[in-house]
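No value in this document is a laboratory result; all are computed from the given coordinates. Everything numeric here is computed off the predicted structure, so don't read it as measured data. Here the Cβ is made from the backbone with ideal geometry for all residues, glycine too, and neighbour counts use every protein chain on show.
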Amino acid sequence: MNKTLTSRLSGALALCAAIAGLSSCGRDVNSLSDPHFAADGAPLDTLAYFLPERPARVRLYVETSGSMNGFLRANQSNRFKRTVWSVFSGLQAQGQTDGCVYTLSNQGRVDSPISIADFRQGLNGGGLLSNSSTLIPDMLASILADIDPAQGEVALLVSDMKYSPRNDNPVELSQYQDDIRNLVGRSGISVSYVCATSEFLGANNRVAEPASPYIFLMLGRPEQVAALRNDIATWVDNVGGYVESGDMAMNYLTPPYAIREVKNALSSSRYPQTLITDVDPDAGDTLSFVLRMDMTGYPRRAMTPSLLDSCLTARALYGATVQATLLTSADHLKDDPHYRGEFERKAWADYQVKVWDFVLPDEVLELRFSSRPFDLWLSADFLAMIASDSPRDLAGLFSFNNFISGCFNGRQNVAATEPIRILLSSANDD
């Protein structure tokens, strides 16, 4: 073969290779023309994420009705006093309070403020004892009239939450749940709680109940009550006696997430949350990746594996087969209240997502995370406490089940409605 012919043949082969390269690398990343992505794979959807945000200010309220006396008796240490002071002084040290505590003792009305230092003296010296009733709807109405959630203000109430109607009127008790429904529904606020236990002291200053429950109740905007709930749960755990935490009337939106550990494809450098490229739909191996959901905004009970396993659903829009499975090793399922030594909770849940049997070169996944599986799930210990049918049951939380139901009837938790969409493309996005 002469040199001229060899040169022409080499040029033709190079041209064919170049054309082949253009046809594979130069095509649209979104060959499906899926309406949720641009031609280059850029996401056209915007998702709002649920991110905890510490309040601008926390107003501190303490119920001082007669049923609280066992927590407040003079000159006796118990977990209640240690925990409440841990929480209040911690918030004061963070600059989140106005330096005052507001007691509620007279028919649910807010008393004149006292300084945190004076509150500490009253807490330890028996200065907060009273014989008034626990009128929870009145207390909540007074507190809601006293705060401004739009300005980043959150109310924190410490109470045993045992509703005691005026003169033990049973008709009022039957209406209690509806009163709470009306308050929560009308106010538009979100509610979080942390349940703790403490020694309850009798009139003789002896321990009448070693694990009597009480509640830290937070009222405000959802992102801010979630952040405060995280902090208080950690403080309670540090002292001891933590039982349960939960949210009501929340708007969770979508948890922040990240794509990790991509196999048999590449995570896009331009759109790392929504685009995976260099997919080989004919490869025998399965494309897989880990979807890390940021659970920091959710209460601790949300981290139960059996609940999380049913929170995420996945589907492929163009015919491929997809499977999402919760990973439960210590690295993949984690709830750390002191992440990297800081006073900052970090919690996450990892799901392994596998995709195979591609019908087309590209595919779009829809992944939906819903809080519904754990909205009404409660631990056995907490369920036993709220099942109490007597306000004199020192080991129970009489009527708190009515309060929880009233909150949910007023405004249910809102789960994310828009799915996470991920484009899988056999093209390269460079």
If I build a Gaussian network model for the chain, linking alpha-carbon pairs within less than 10 angstrom, which residue out of Gln121, Gln412, Gln273 has the largest mean-square fluctuation?
Gln121
Work out how much length Asp389 to Ser112 would gain on full extension: take 0.36 nm times their residue separation and subtract the Cα-Cα distance, in nm to one decimal.
96.4 nm
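Nearest 0.05, what FRET efficiency do Lys334 and Asp280 give at R0 = 35 Å with Cβ-Cβ as r? Numbers along the way, then the final one.
Numbers: r = 33 Å, r/R0 = 0.93.
So, using R0 = 35 Å, E works out to roughly 0.60.
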Between Ser174 and Asp146, the FRET efficiency computed from the C-beta separation at R0 = 25 Å comes out, to the nearest 0.05, as 0.35
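Please arrange Ser112, Ser65 by how many other C-beta atoms lie within 10 Å of their C-beta, fewest to most.
On the way: Ser112 7, Ser65 23.
Listing Ser112, Ser65 from fewest to most nearby Cβ atoms yields Ser112, Ser65.
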Simple SL model, points at 7 angstrom along Cα→Cβ for Ala208 and Gln121; separation in nm is 2.8 nm
With the Cα gyration tensor of region 152-247 giving a ≥ b ≥ c as the square roots of its eigenvalues, does the rule (a/c under 1.5 for rounded; else a/b larger than b/c for prolate; else oblate) give rounded, prolate or oblate?
oblate
Degrees separating the helix 116-125 axis from the principal Cα axis of the chain, which is the longest one:
50 degrees
Between Leu266 and Ser77, what is the label-point separation in nm under the 7 Å Cα-to-beta-carbon projection?
6.2 nm
Taking other Cβ within 10 Å of each residue's Cβ, how do Val154, Val194 sort, fewest first?
Val154, Val194
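Between beta-carbons, use under 10 Å as the cut-off and find the net charge around Ala42, counting Lys and Arg +1, Asp and Glu -1.
-1
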Order of Arg79, Arg372 - criterion: other Cβ atoms within 10 Å of each residue's Cβ, fewest first
Arg372, Arg79
Between Leu51 and Glu344, what is the label-to-label distance in nm when each label sits 7 Å out along the Cα-to-Cβ direction?
1.2 nm
Note the listed values (1) 1.16; (2) 1.21; (3) 0.96, then indicate which one is Rg/Rh (Cα atoms, Kirkwood Rh) calculated from this particular structure.
(1)
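Summing -39500 (n - 2.57) over the DSSP H runs of n ≥ 4 in the chain and dividing by its residue number, what mean residue ellipticity at 222 nm do you reach, to the nearest 500 deg cm²/dmol?
On the way: 11 runs with 123 residues, N = 430.
Value at 222 nm, helices only: -8500 deg cm²/dmol.
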